[in-house]
Each structure stands twice: as structure tokens, then as C-alpha cells.
Amino acid sequence: MKRTILNIGAHRLQPSTLMMSYGFDPKLSEGAIKCPIFQNSTFAFESAAAGKSFMQIAYGIRDREPSEDPGLIYSRINNPTLEILEDRLTLWDGAENALAFGSGMAAISTTILTFARPGDVILYSTPAYGGTEFLFEKLLPQFGIRSLSFPARALEEEVTLAYDRAEQLAGEAGRIPLIFAETPANPTNDLVDIALLRRVAESRSPRRDQRAKVIVDNTLLGPLWQQPLKHGADISIYSLTKYVGGHSDLIAGSCLGTAADIASIQVMRTILGTMVDPHTAWLLLRSLETLSIRMRKSAESAAIVANHLRNHKKIAAIQYLGFLDTESEQGKTFSAQCEGAGSTFSIILHGGEPEAFRFLDALQIIKLAVSLGGTESLASHPAGMTHVDVSERAKQTCGILPSLVRLSIGVEEPEDLIADLEQALAKV
Ligand SMILES: Cc1ncc(COP(=O)(O)O)c(C=O)c1O
């Protein structure tokens, strides 16, 4: 597909503008203003030699010439709707390349399996999304890949110590192939300093080409309010199910990074078959057109709602990024790496699970459901829902308390949400 313009003269177009056009040439699709859904499993080759040549590139048997068209083969390998989506996804983060997956977990697991081998030890920040934690703690050990965690708020010395402990665990044969961070962490909004992880990876790795990759789950703030690649991450991962999809009507994921890293992950994706389907890719192209409007509106509403709840007598604490003390370590990380506070935050009620459940059951407009980043506001109970499998001890250590309720603020009018929250709090 022909790439469209990025600049008008010296003027650089912004991602929110490019979401309407980048990577798609209407001339190639009967003048259609929108990219069609290429709902195909397979694509016709012009000749047998062309088919052989395309397959050689897809399987890494030979490198693509700079001017060579990669060629469409089969939708597990490539598909025009996916490729246009992937081109557009690179723009916000300034990545060389991107890949789209059937879910955020497909993006995470395929990326990890690309870089980790039996005997290796992965270093990761906690808290992390329950599915990620399950992958690291329960599934990967079955394949000889172990993990060691460090708290999201850890300072440099603590992360370095964790790295050294991971190296001891890995012994002579193993490696530390990657450091994985979810920042802000779901559900506490604890921030991991991405530049710090990069410094630790660089200072501890024996050789430059063996450096642990820094992989960041950017689901909660990306792509508008945080771009991890600009702060030292090698790979930025998304659950596109959340803000990017934005309408709670699809499941998808992506990873972004250098052309070389993405090419390695693409081989794993092709064989595992973890790519997104063309229809979902097309829905995501639609969603990208309004992404910046949706994220801005929900962030504005979240600020109004959070300010209203800040000193509420039924609430013991509120974990909204906009309230961080700028002099604190977390506040400094926020100023250095985030461009906005987003619209997902947690409140900790006075009391425990019964109070949290009474509040959740009383909500009228805000839906009681897991997930976040949709146009509608959602509330959930992480300790009993998304993080139910995390041990009680780990939940206590990370602050996933029985009285914690996570709110994802949508695009409704904030005054209406406040009315709903007030009447539910009154029932606690
Ligand atoms: C931070 C984070 N990462 C990854 C995932 C997994 O995404 P998916 O449900 O699209 O597989 C989630 C899902 O809630 C999440 O919150």
C-alpha cells in the first residue's frame, strides 16, 4: 500500500490528523474514502516465482530488498487492513514498526516468547494486570522461564538488586532477556520509571547485543499521555481492547518497536497465529480516528470527578495521577514521562469488601464490569475480579485492597457521573 503524506512543506502533520489518511491510497480501492475490510484468508500471486519469493521473505530465508514490495500471501502472515492499522499505530509512539494481535495478552505472550528461552529469568514490576501475572508466575515456568518481580515504585538501587538476584537465579546457563513494566500499574496507578529500567539494563548487561530489552505495557496512558519508546523502552505493548478500541466492542493488542525487533516478533506471530482478524483491524481503524477526542474528553471528565471525590468522607484515599506531589519520586517520574493523568484511577473506601460491594451494586449509570478505556464509565473490584488469582499476600503488598474500587471514566458528562457516584457512596 502506498504511504500518504506526513508533511505539508515544512509543517509536520500530527498523528490525530494522520489517523484519517495515513497508509491508505483510495486510488487502490476504487476511490473508497475509507480503507475496506480485506476479509480474505489468501491472496493471488501474479506468478509462481513471485509466490516463492514472497514466502522466502515471510519465513526469513532471505531479507527484503529496500525497494521490494513484501507481497501479500495469507492473512496469518499479512493483510492490507492489518498493515494500514499497523502503520497508523506507529505514529503516536514514533515507532519504526508495529504488529496487531488478537488480544493484549496475545501481544504480551508472543513478544515474551520471542525473546525468552528456557533457563532465562524475566524481571517484572508489580502490580501487573492479572493475566500478565498469571503468564509470568504460572504458565512460563512450565516452559522453564522463571520470573522475579520488583515493586513498581522501586528506586534504582532496588531494581539493580532485583536484577542481580535474577542473574543469580538464572545461573551460568540462563539470561535476563527482558525487563517488563506495566506503567501506570493496574489498578494502583503506581508508576515505573522507564529511563531507570533502561539504565539498569545497560549497566548490568555483559554485552550491548545481550542487553535485557525494556518492554512496557502502555495500555493505561497510551498512546496520548505516554510514549515509552521516547523514554528508553525497546518495545511498547498495548491492549487495544481499552482506549484505542475505545467502544468496548472488540478485543485486540499490539506491540511497537524497532524494525528488527518487530520482524523477530512477526515470525513468532505468524507461527503462533496470534494476529488480529481483518474485521477487528478495520474497527480499530475507525476507532483511531476519534482516539484523541475520546482520550482528551475522558481525561477532562476524570479530573473533574477525581477533584469532586478527593476529600469525600466515605473515601480514605484516591489514586489519581493528577494528585501526585511533584516533589515526590512518583511525582518526578510523572512529570518526566507522562503528558497527562488519563482517566483510570482507583478509590479506596473506608471499610473493606462489603463497603466496596455495596458501592458497586448501587451504581446506576456507571457499569459494573472489568476493562477500561471505553466511551462508557466502568467500575470494578480488582481484588475480587481482574486480580483474583494474585495471592492475598501479594495483593496486600501491592495495595490491591478489598476496599479498592477501580474507575474508568468515559465520555459522559462528569456532572452525571458525580450524581451517580454520590448516590452510591451514600449507600455505603
Ligand atoms: C494493563 C493491561 N494489560 C493487558 C491487558 C490484557 O489485554 P486483553 O484483555 O486485550 O488481552 C489488560 C486487560 O485488562 C490490561 O488492563
Can you give me the distance in nm between label points at Asp69 and Glu156, each placed 7 Å from the Cα along the Cα-to-Cβ direction? 5.1 nm
So which lysines pass the test for Lys367, namely a Cα distance under 22 Å, with those fewer than 8 places away in the same chain ruled out? Lys242, Lys297, Lys314, Lys427
Starting from region 288-376, pick out the GluC sites (Glu not before Pro) whose DSSP state is loop and whose Cβ has at most 10 other Cβ atoms within 10 Å. Glu327
Leaving out same-chain residues fewer than 8 places away, which aspartates and glutamates sit with a Cα under 13 Å from that of Lys34? Asp25, Glu289
Go ahead and set up a Gaussian network model of the chain, Cα springs under 10 Å, then flag whichever of Asp69, Asp120, Asp93 fluctuates most. Asp69
Distribution output for the chain: share of Cα-Cα pairs per 10 Å bin in percent, first bin at 0, values 4, 21, 30, 25, 14, 4, 1, 0
Could you give log10 I(q)/I(0) at q = 0.12, 0.15, 0.20 Å⁻¹ for region 121-254, computed by the Debye formula over C-alpha point scatterers of equal weight, without solvent? -0.45, -0.70, -1.20
Can you grab the distance from the C-alpha centre of region 64-89 to the C-alpha centre of region 105-145, Å, no decimals? 28 Å
Taking every eigenvalue of the Cα gyration tensor of region 130-173, multiplying by 5 and rooting it, what semi-axes result, largest first, whole Å? 20, 16, 4
Would you mind computing the Rg to Rh ratio of region 12-122 from its alpha-carbon coordinates, Kirkwood style for Rh? 1.01
How far is the Cα center of region 276-293 from the Cα center of region 342-369, in Å? 30 Å
Selected from Gly352, Gly245, Gly340 as most flexible by GNM, with the chain as the system and alpha-carbon contacts under 10 Å: Gly352
Only Cα pairs within less than 10 Å get springs; with that Gaussian network setup on the chain, which residue of Ser377, Ser248, Ser125 has the largest fluctuation? Ser248
Net lengthening on full extension, Arg76/His11 (0.36 nm per residue, minus Cα-Cα): 19.7 nm
Using only the alpha carbons, work out the radius of gyration and Dmax of region 290-426 in angstrom. 14.7, 41
With Cβ to Cβ distances under 12 Å as the rule, what net charge do the other residues near Thr258 carry (K, R +1; D, E -1)? -3
Looking at the chain only, what percent of DSSP beta bridges run antiparallel? Nearest 5 please. 60 percent
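Read-outs: derived from the displayed coordinates by stated rules, not from any lab. None of the values given here were measured: they were computed from a predicted structure. Neighbour counts are summed over all protein chains in view; Cβ atoms, including those assigned to glycine, are modelled from backbone coordinates with ideal geometry.
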